[in-house]
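The values are calculated or read from the model by the stated rules, or taken from the named source; none is laboratory data. Since the structure is predicted, the reported quantities are computational estimates derived from the model, not experimental observations. Note that we place each Cβ from the backbone using ideal geometry, even for glycine, and neighbour counts take in every protein chain shown. Ligands, DNA and RNA are excluded from the accessible area calculation, which covers all protein heavy atoms including side chains. Shrake-Rupley method; radii C 1.70, N 1.55, O 1.52, S 1.80 Å.
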Amino acid sequence: QSAKCGACGPGYATPLDAMKGKYSPREEIVYLPCIYRNTGIEKPDYLATVDVDPKSPHYCQVIHRLPMPNLKDELHHSGWNACSSCFGDATKRRNCLILPSLISSRIYVVDVGTDLRAPRIHKIVEPVELFWKCNVANPHTSHCLGSGDILISCLGDPSGNGKGGLILLDGETFEVKGNWDNGVKVPPLGYDFWYQPRHNVLMSTEWGAPKALADGFNPADIERGQYGRHINVWDWSTHTYVQAIDLGKGSIPLEIRFLHNPAAAEGFVGCALSSAVHRFYKTEKGDWAAEKVIEVPSKKVQGWLLPDMPGLITDILISLDDRFLYFSNWLHGDIRQYDISNTRKPRLVGQVFLGGSITKGGPVTVVEDKELQCQPEPLVIKGKRVPGGPQMIQLSLDGKRLYVTSSLYSGWDKQFYPDLVKEGSVMLQIDVDTEKGGLKVNKNFLVDFGKEPDGPVLAHEIRYPGGDSTSDIWI
């Protein structure tokens, strides 16, 4: 429980309170889902608790593992049963982590309130609940609502076709209440979402059809319309799908983030394949539009799957004061920091390479590069050469530390970074200059998931017990 103000609920009154408030202590532990699907190790995925307190004797160690009771779930992203959207409700506590499984379609509800350092399973929502009650599958993003319920976006229908539906879980019983979306029209594909009640809007994005992406990426599936290109706009009060903003063929818009200020009518979305960041905003007419504000040029290469290698922007986030935007280029291997004081003209102020596909001495030769003079050096931390590229990112509340993991999704890891699957992923930490901008790898921080008891594992999204810059929504 972060707030200690009497009649308050979980979280913080405002994003700036979360960032600078006396109730926002430094993170001491983080939770990460660890995935064994596609690694050749027949063990269940688990939730790892990692000690990130530099004063602790267990610094950078996994201090607890909660195995799931099933194989091949593909745990992926997580959310809370309650967050800052419930701040005014003293009956609510942030004591359960909602953990949807991307492939099995199970949803695990994990009790972190009883013992923060040793989570336990509270409830399992079986896939048939999603299939029968809602005709959806492949749950992805989970956000808590001010009403106390939990909203979860889905990628598909039970047959593996794309379907961008959303479902509601009861915030007390965690029963599936039914579909959130109302009406016959649903986007053809789904992925991430964010909502902004003051502008009566929910925005969702599109990855791909589950049956297309289940076992790897085939560029021909883009031509077949199996991958996304739209931001989908929903009317928040009626739950109806009202507009699609086209970001271009083969763009694949993934993570979507409104500015944290709940009055803001704009935000950013990162497109994986076009490697562009678009700013979306409310127009004078009252509908929504988008403009491309950042583009990472592809590199001409030899010795790779295709002759042009995109950056592949996979995760993006915004600091709680809405000053900096961060994103990871999973293939090129860099993380970037942009000053977004002017949201229409982001300015690159920090960049650091953490592995990637174009490092020196690897199989790929860069023939033409619009940005770099030479191929980056491989990253070695504590004697370990880091495999894969930077992927999921999470920022400390004060904005000074950026945590990074390297696994995207087991089916794609296996295809693009076979070494990552053999060696296991890592978690790294980057020190952030919050005054002028700037990123620097912390050479004393390494969590090596290649050394786990059951063998190398793929660690994914990072969450702090008290909430963070990608799970809390202020209303």
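Listing for the model above:
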item	result
Solvent-accessible area, 1.4 Å probe, carbon plus sulfur percent, for the chain	50 percent
Dipole in debye (nearest 20) - the chain, about Cα centre, beta carbon charges: Lys, Arg +1; Asp, Glu -1	580 debye
Arg26, Arg336, Arg198, Arg323, ranked by accessible area, largest first (probe 1.4 Å)	Arg198, Arg26, Arg323, Arg336
222 nm mean residue ellipticity, helices alone, for the chain (DSSP H n ≥ 4; -39,500 (n - 2.57); rounded to 500)	-1500 deg cm²/dmol
Unit charges at the beta carbon, dipole of region 221-302: most positive-side option, Leu259, Gly270, Asn232	Gly270
Loop GluC sites (Glu not before Pro), region 386-475 (other Cβ atoms within 10 Å of the site Cβ: 13 or fewer; DSSP)	Glu435
Neighbour cut-off at most 13 other Cβ (10 Å), DSSP loop, GluC sites (Glu not before Pro), region 280-317	Glu284
Relative contact order (percent, whole number), the chain, Cα cutoff 8 Å, 6+ residue spacing	13 percent
Extended-chain gain in nm, criterion 0.36 nm per residue less alpha-carbon gap, Tyr59 and Asn161	32.4 nm
Set of aspartates and glutamates near Lys92 by C-alpha distance (under 15 Å), chain-local residues within fewer than 8 positions excluded	Asp111, Asp149, Asp170, Glu172, Asp472
Calculated P(r) tail over 21 Å for region 95-229, as whole % of Cα pairs	42 percent
Kirkwood Rh (inverse of mean 1/r, distinct Cα pairs), the chain, angstrom	22.0 Å
Region 394-475: Cα Rg divided by the 2.2 N^0.38 Å rule of thumb	1.25
Region 329-436: equivalent-ellipsoid semi-axes (sqrt of 5 x gyration tensor eigenvalues, Cα, Å)	24, 18, 13
Stretch gain in nm, segment Lys300-Lys185, where the contour uses 0.36 nm per residue and the Cα spacing is subtracted	37.3 nm
Anchor Lys436: lysines whose Cα lies under 27 Å away (excluding residues fewer than 8 positions away in-chain)	Lys20, Lys22, Lys292, Lys345, Lys370, Lys400
Rg to Rh, two decimals, where region 22-99 supplies the alpha carbon set and Rh follows Kirkwood	1.05
Proximal lysines to Lys422, defined as alpha-carbon separation beneath 29 angstrom and excluding residues fewer than eight positions away on the same chain	Lys43, Lys72, Lys211, Lys299, Lys300, Lys360, Lys382, Lys384, Lys414, Lys440, Lys443, Lys451
